[in-house]
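A short worksheet on the structure shown next.
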Amino acid sequence: RYRTELDALRHAGDATDAVRGVERLVASLIGSRSIVPDARIMRLRALSDPVRRHQIGVVAADLGLSTRTLRTWSAKHFGLGLKCLYRVRRLHRALELRVVRTGLTWSQVAAHAGYADQPHLNRDFREFLGETPQQFIARGV
């Protein structure tokens, strides 16, 4: 459904383009699902710190929903599961960190963005951007 945005991310010319691409993807996911912000969306944004580890059951309880209802609601409003949304936001945070704090190593970026370790960051890079962080940088980012 969002192949165009994901393809644009894979072909981003630099880190700034990639960050903007992730912002456009998140905006399209949110914007395409709800014209009037649901109160749950506002509460979910407060819970969506990419550095915090989130358990669906805890988030559901905080929103006053069952986990099944939260999954259905997330798919309706965002077009993807809550876990995937968190992963996209965490990758966005990692790209932001790399742009703003260029002196950080990828393992430091991973730690600051909320990844368990650098291989975890590498897996998300490969899945969402189609390349490793090193390949991303080698393209002139």
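The values are calculated or read from the model by the stated rules, or taken from the named source; none is laboratory data. Every value quoted in this text rests on a predicted model; they were computed, and no experiment measured them. Note that each Cβ is placed from the backbone with ideal geometry, even for glycine, and that neighbours are counted across all protein chains shown. The area values use the complete protein model at the heavy-atom level, side chains included, leaving out ligands, DNA and RNA. Shrake-Rupley method; radii C 1.70, N 1.55, O 1.52, S 1.80 Å.
Remarks
- For region 72-118, the Kirkwood hydrodynamic radius comes to 11.5 Å, computed from all pairs of different C-alpha atoms.
- Of all accessible heavy-atom area on region 71-141, the percent that carbon and sulfur account for (1.4 Å): 51 percent
- Packing here is the average count of other Cβ atoms within 10 Å per residue, and on that basis the peptides 91-100, 62-71, 125-134, highest first, run 91-100, 125-134, 62-71.
- Residues of region 80-139: accessible area per residue with a 1.4 Å probe, Å²: 47 Å²
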